[in-house]
Amino acid sequence: MQSPAMKESGSDRVFTVVNYAMLSIFLIVVLYPLIYVVSASFSSSSAVLSGKVWLWPVEPTLEGYRAVFKNTMVAKGFMNTLFYTLAGTVINLILSVMAAYPLSRKDFRGRSVFMLLFVFTMLFNGGLIPTYLLVKDLGMIDTIWSMLIPGALSVWNVIIMRTYFQTTIPQELLEASQLDGCTDFRFLWRIVLPLSGPILAVIALFYAVGHWNQYFNAMIYLKSADLYPLQLVLRDILVQNEVNIEMLGDAKTAAARQGLRELLKYSLIVVTSVPLLIVYPFLQKFFVKGVMIGSLKG
């Protein structure tokens, strides 16, 4: 027999209505810019410049996307970014696990000192010029390694992963495995990592997003266009379509270039964002669980 539903008081109903209203406002604030960017990227340049686009595409066209993919460097930049993202994330995860797991072990002598050294690098660093000189002296300028090594380890992510290991992997599990003759490496590989799927997924997503959006390191370390990531290639496309009034005496041509440039801005945002938006739903369940456990417990 079902129990009768509990009747809400007047204050509860007001609270619920206010909650729905606030969440609806937040949803509109977050969702509308995304809808506008996608709609503008599929609209004609004249509609975008005249401000006719506010929700749905006006005078639909693929002019902006044709201008983006007409550049032969886009495919090359996409493959470069894909490589930097995959290889960089693998390196990041390996180094983060190797740093976080020992720091999570209570029997690791000097872990407080090592943790202090890690945290020190979060507060102080050598700065841009010393970092550039170090990368140059290591012979990594204009190589793929300049995109992978300088950001190979994030201390913040190490702290999150260490906290997850400390709070999720029971000490009794380690003691039982040691009684059975399990080595530290085998315990890490066969027990710790299989139990750490959520935190590995969320840290991998953090690193992958960083690599995918990498722009500054490529700009200062890379010279060869063949090594450019997608972000740098798209920036060049945008720069090439800058309107220079002194060079363009024809007002009609200048207006066309200005309209194409506006379309390119929105098309480039969509092109660079879609791959990550496709991946994110598959990692969402791990993302929420990993962040909550890794950041709140302990």
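Table for the structure above
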{"item": "Sorted largest first, extent of segment 125-217 alpha carbons per principal axis (Å)", "result": "50, 24, 23"}
{"item": "Rg/Rh (Cα only; Kirkwood hydrodynamic radius) as it applies to segment 1-122", "result": "1.25"}
{"item": "Segment 27-41-segment 135-213 distance, computed between alpha-carbon centres (Å)", "result": "36"}
{"item": "Segment 179-244: mean projected area of Cα convex hull, nm²", "result": "7.4"}
{"item": "From phi via Karplus (6.51, -1.76, 1.60), per-residue ³J(HN,Hα) for segment 117-127 in Hz, x at Gly/Pro", "result": "5, 4, 5, 4, 5, 6, 8, 10, 9, x, x"}
{"item": "Per-pair calculated FRET efficiency, R0 = 41 Å: Thr61 and Val113 via Cβ, rounded to 0.05", "result": "0.10"}
{"item": "For segment 179-194, 3J(HN,Hα) per residue [Karplus equation, 6.51 cos²θ - 1.76 cosθ + 1.60, θ = phi - 60°, Hz, x = Gly/Pro]", "result": "5, 8, x, 6, 7, 4, 5, 5, 4, 5, 6, 8, 10, 5, 5, x"}
{"item": "Cα convex hull volume per residue for segment 1-63 (Å³)", "result": "131"}
{"item": "Dipole of the chain [Lys/Arg +1, Asp/Glu -1 at C-beta], most positive-end residue of Phe282, Tyr164, Phe83", "result": "Tyr164"}
{"item": "Volume per residue of the C-alpha convex hull in segment 60-178, rounded to whole Å³", "result": "202"}
{"item": "Solvent-accessible area per residue, Å², over segment 70-147 with all protein chains present [probe radius 1.4 Å]", "result": "64"}
{"item": "Among Ile129, Phe114, Phe216 - extreme Cα towards positive end, dipole of the chain, charges at beta-carbon", "result": "Phe114"}
{"item": "Segment Thr131-Asp226, extension gain: residue separation times 0.36 nm, minus the distance between their alpha carbons", "result": "31.9 nm"}
{"item": "Hydrodynamic radius (Kirkwood) for the chain, which is based on Cα pairs only, to one decimal in Å", "result": "23.4"}
{"item": "Computed E for Arg186/Ser50 - FRET, C-beta separation, R0 51 angstrom, nearest 0.05", "result": "0.15"}
{"item": "Per residue, the convex hull volume that the Cα atoms of segment 78-140 enclose (Å³)", "result": "127"}
{"item": "Heavy-atom accessible surface of the chain: percent carbon and sulfur, 1.4 Å", "result": "69"}
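The values are calculated or read from the model by the stated rules, or taken from the named source; none is laboratory data. None of these values were measured; they are calculated from a predicted model. Note: ideal-geometry Cβ built from the backbone for every residue, glycine included; neighbour counts use all protein chains shown. Quick note on the areas: whole protein, heavy atoms, side chains included, nothing else; ligands and nucleic acids left out. Shrake-Rupley method; radii C 1.70, N 1.55, O 1.52, S 1.80 Å.
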